[in-house]
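> Handing you this structure, nothing more for now.
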Amino acid sequence: QTSVVALTRALLPALKAAQGAAIVNTVSISALTGGSPGSSIYSASKAFVATYSKALARELAPDAIRVNCVSPGTIETDFHERYSSREKLEQTRKSIPLQRLGTAEDCAPAYLFLAAPSLSGYITGQVIEINGGQLIC
């Protein structure tokens, strides 16, 4: 993901000046599972961002910059409306312990948590999985 690297590099001076900034990147459950057939490049790029974020967390810790990721599972989005069959989504839903697909509202609090130093000031280099238990199956 060259865009993540380029944006991070461009913002580093401002992040260092902010004294206690947080970077929260978005990855995907596909970074761990390899995703569905046809999504190998997507899955690999998300795995790159997760590993890059962990490396950045080490590198930027002396500058008090925390770096973490949010990793959504299968989330109800326009993407899935266009590219996933109803049957595939239903099969996925049934495999999730919470028995439902996720929503953007399920993910948003994790971003807020990781961005707020008063809530997560001692957390860096982590990936928060938001998937209704998909990974414990």
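> Starting from region 121-134, take each residue that is in contact (Cβ under 8 Å) with a residue 24 or more places away in the chain and among the acidic types (Asp, Glu) and list its partners that are surrounded by fewer than 17 Cβ atoms within 10 Å (Cβ to Cβ) and part of a helix (DSSP H, G or I), counting only C-beta distances under 7 angstrom and pairs at least six apart or across chains.
Hits for this filter: 129/135.
> Shifting gears a bit: Could you list, in sequence order, all residues of region 119-137 that are in a strand (DSSP E or B) and among the aliphatic types (A, V, I, L, M)?
Taking region 119-137 and keeping what is in a strand (DSSP E or B), we get 127-130.
127, 128, 130 - these are the residues of region 119-137 that are in a strand (DSSP E or B) and among the aliphatic types (A, V, I, L, M).
> Just give me the residues in region 8-42 being touching a Leu at 6+ places or on another chain (Cβ under 9 Å) and part of a helix (DSSP H, G or I), in sequence order.
Within region 8-42, 8, 12, 15, 16, 32, 33 qualify.
> For the subset of region 67-95 comprising residues that are of a type in the set (Gly, Ala, Ser) and not in a helix (DSSP H, G or I), which member is nearest to residue 7 (Cα to Cα)?
71
> Quickly run through region 93-120 and pick out the residues that are more than 16 Å from the chain's Cα centre (by Cα), touching a residue at least 40 places away in the same chain (Cβ under 8 Å) and closer than 13 Å to residue 131 by Cα.
Scanning region 93-120 gives 95, 96, 97.
> Assess whether residue 98 counts as being at pLDDT 95 or above and part of a helix (DSSP H, G or I).
No; evaluated as a whole, the condition is false for this residue.
> I've got another one for you. Within 19 Å of the chain's Cα centre (by Cα), of a type in the set (A, V, I, L, M, F, W, C), closer than 15 Å to residue 131 by Cα and at pLDDT 95 or above: does that describe residue 75? Lay out the reasoning, then the answer.
Numbers: within 19 Å of the chain's Cα centre (by Cα): yes; of a type in the set (A, V, I, L, M, F, W, C): yes; closer than 15 Å to residue 131 by Cα: yes; at pLDDT 95 or above: no.
Judged against the criteria, residue 75 is not a match.
> Filter region 101-118 down to the residues that are in a helix (DSSP H, G or I) and surrounded by 11 or more Cβ atoms within 10 Å (Cβ to Cβ) and list them by number.
106, 107, 108, 109, 110, 111, 112, 113, 114, 115, 117
> Here's a follow-up. Kindly check whether there is at least one residue in region 82-89 that is touching a helix residue (DSSP H, G or I) at 6+ places or on another chain (Cβ under 9 Å), within 17 Å of residue 132 (Cβ to Cβ), without any contact (Cβ under 8 Å) to a residue 12 or more places away in the chain and not charged (D, E, K, R).
Checked region 82-89: at least one residue is touching a helix residue (DSSP H, G or I) at 6+ places or on another chain (Cβ under 9 Å), within 17 Å of residue 132 (Cβ to Cβ), without any contact (Cβ under 8 Å) to a residue 12 or more places away in the chain and not charged (D, E, K, R).
Okay, residues lined up against (1) within 27 Å of residue 123 (Cα to Cα); (2) loosely packed, with under 13 Cβ neighbours inside 10 Å:
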site	(1), (2)
19	yes, yes
32	yes, no
38	no, yes
78	no, yes
92	no, no
99	no, yes
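The values are calculated or read from the model by the stated rules, or taken from the named source; none is laboratory data. Computed from a predicted structure; not experimentally measured. Note that we place each Cβ from the backbone using ideal geometry, even for glycine, and neighbour counts take in every protein chain shown.
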